[in-house]
1. Within segment 145-167, identify whether any single residue is farther than 28 Å from Ile248 by Cβ and either in contact with a Phe, Trp or Tyr (Cβ under 7 Å, 6 or more places away or on another chain) or not in a helix (DSSP H, G or I) (or both), and answer yes or no.
2. Can you say whether Met92 is under 19 Å from the mean Cα position of the chain (by Cα) and open to solvent by less than 30 Å² (accessible area, probe 1.4 Å), as far as the supplied structure shows?
3. Yes or no: segment 159-167 includes at least one residue that is modelled with pLDDT of 95 or more, crowded, with 17+ Cβ neighbours inside 10 Å and within 20 Å of Ala229 (Cβ to Cβ).
4. Out of the residues in segment 107-158 meeting the condition of being hydrophobic (A, V, I, L, M, F, W, C) and closer than 16 Å to Tyr174 by Cα, tell me which one is least open to solvent (accessible area, probe 1.4 Å).
5. When segment 14-53 is examined, which residues are found to be open to solvent by 50 Å² or more (accessible area, probe 1.4 Å), in a loop (DSSP other than H, G, I, E, B) and in contact (Cβ under 8 Å) with a residue 40 or more places away in the chain?
6. Could you please give the count of residues in segment 176-208 that are open to solvent by less than 10 Å² (accessible area, probe 1.4 Å), assigned to a strand (DSSP E or B) and not aromatic (Phe, Trp, Tyr)?
7. Give the residues of segment 209-237 that are open to solvent by 10 Å² or more (accessible area, probe 1.4 Å), without any contact (Cβ under 8 Å) to a residue 60 or more places away in the chain and in contact with a Pro (Cβ under 7 Å, 6 or more places away or on another chain), sorted by residue number.
8. Could you check Asn173 against (1) of a type outside the set (Ser, Thr, Tyr); (2) over 19 Å from Ile126 (Cα atoms); (3) in a strand (DSSP E or B) and say which number it fails?
Amino acid sequence: MHLLALVLSLFAATADVPVPPANAQHTASGLITVRTADGTGTERPGPDDLVKLRYVIRNGDGKLIDSLSGNQAAVMSVSRMLPGWRETVSMMVAGEQRRSWISSDLGDGKIPDGTTYIIDTELVGIIHAPKTPDDLAAPPAGAERTKSGLASQVIKPGTGTRHPNRRSVVRVNYTGWTTDGRMFDSTVLHGQPAEFPLGNVIAGWTEGLQLMTEGEVRRFWIPAKLAYADDPSKPQGMLVFDIELLAIR
């Protein structure tokens, strides 16, 4: 059954709470799960991957908690999912659908004690997240440094000769991490490059991208004063970005 049809059926009969069938799999953690549709993929998500999902979440009384269906899909980090849902997704291949019974013990505090959530999941696709660098805590000895305190290192030389200036509009791919290894933003999450005027971003980006040429990939260690020190809603402290400069206009 396609997940959209499943959602409609849930609205029509929320009182009909499914119970685990005889062929359901019981794992050592206490997860109960059963495959409801075969997938077409061959690989399974790893702990560092992102996944595109459609899903329906109900509590043990059949009440709908959350859902996403149709042509939409949510992008989630596997490592940040509820433990029971993470375990479910790690068993799946692209196109597969599963129903899982996830107790509060596997809910990371987000499922009320004594409650079981029933989650129907369709794995739409797997997105391999960028590898977390080993040198997040501090720039290496060979890094280039500017007077402002910005440090950088070329990961891949550029193919062009032009450098952007403050008035340029640039198109880039990027991933950002905090120094403790948390990836907080990436064009991978958005599924497409970002484009913006170079004068409208944090000071570390404005300065750093002017060092680059088209096609170049560079890692930046951006001090707090050149990042989001004035915006407490953003990640604080030194931030590390891998940036690929795709185009200048």
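1. No: zero hits.
2. Working: under 19 Å from the mean Cα position of the chain (by Cα): yes; open to solvent by less than 30 Å² (accessible area, probe 1.4 Å): yes.
Yes.
3. no
4. Among those residues, the one meeting the criterion is Leu136.
5. Thr14, Ala15, Asp16, Pro20, Ser29, Asp38, Thr40, Thr42, Glu43, Arg44, Pro47, Asp48, listed by residue number.
6. Qualifying residue count, segment 176-208: 2.
7. Gln210, Tyr228, listed by residue number.
8. (2)
The values are calculated or read from the model by the stated rules, or taken from the named source; none is laboratory data. These figures come from a predicted structure and were not determined experimentally. A quick note on method: Cβ atoms are made from the backbone with ideal geometry, for glycine too, and the neighbour counts reach across all protein chains shown. Note: accessible area is taken over every heavy atom of the protein model, side chains too, but ligands, DNA and RNA are not part of it. Shrake-Rupley method; radii C 1.70, N 1.55, O 1.52, S 1.80 Å.
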